[in-house]
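First up is the structure itself, then whatever we jot down about it.
Each value in this text was obtained by applying a stated rule to the coordinates, not by laboratory testing. Bear in mind that the values here come from a model prediction, so they are computed numbers and not experimental data. As a convention, Cβ positions derive from the backbone with ideal geometry for all residues, glycine included, and neighbour counts pool all protein chains shown.
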Amino acid sequence: CAGAEYAYHAEIVSAPENMCVKVPLNVDLQEAAFAALGAIAIHGVRNAEVSFGETVAVLGLGLLGLITVQVLKAAGCRVIGVDIDERKVNLARELGADYAFNLKSLGSRIVDEILNITNEIGVDAVIITAATKSNEPVNLAGRIARDRAKVVIVGDVGTKFDRETYYRKELQLVVSRSYGPGRYDPIYE
């Protein structure tokens, strides 16, 4: 089951039927426990409206970011991961990221690295799965995005962005709401 109001860590919970799904017999319960997080990652990818062959940057390689990397790879995208933790950067590579960078060690050179990978065009979309009060993820997204790209915020980040960058490139900024259609709809839930 899913939903902050329903999915508690308890032996018994009461959840509406639309917030539950049967676990197939061939799926381990420990794997099934990631269904809601997987749905959040998938909804972020859907909001980015990316397609096969496009290049997508994932900023923040925690659990949601790493799942997002895998979803994007399964969808046929070229993926660039960025995080401040070298262990997460290495794990992103192991899980299929085409490129993964440590922002802490690269600093502002990260923009040049990503632009170099994309032949100076920029990425087709950026999905932000980081968690920080800083505005840096949304501003970095603007600097590495191509003209008219989409920036999707899945994580909880600062949203005071550099208007000039977003304006000049006519970027779309989307805040992804949890795990998609039906969520927060009281009739559905």
Using beta carbons and a limit of 9 Å, which pairs, at least six apart or on different chains, have the first residue in segment 26-38 and in contact (Cβ under 8 Å) with a residue 24 or more places away in the chain and the second one β-branched (Val, Ile, Thr) and surrounded by 15 or more Cβ atoms within 10 Å (Cβ to Cβ)?
34/67; 37/67; 38/67; 38/71
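For residue 90, indicate whether it is touching a Lys or Arg at 6+ places or on another chain (Cβ under 9 Å), in a helix (DSSP H, G or I), free of Cβ contacts under 8 Å to residues at least 40 places away in the same chain and surrounded by fewer than 23 Cβ atoms within 10 Å (Cβ to Cβ).
Details: touching a Lys or Arg at 6+ places or on another chain (Cβ under 9 Å): no; in a helix (DSSP H, G or I): yes; free of Cβ contacts under 8 Å to residues at least 40 places away in the same chain: yes; surrounded by fewer than 23 Cβ atoms within 10 Å (Cβ to Cβ): yes.
It is false that residue 90 is touching a Lys or Arg at 6+ places or on another chain (Cβ under 9 Å), in a helix (DSSP H, G or I), free of Cβ contacts under 8 Å to residues at least 40 places away in the same chain and surrounded by fewer than 23 Cβ atoms within 10 Å (Cβ to Cβ).
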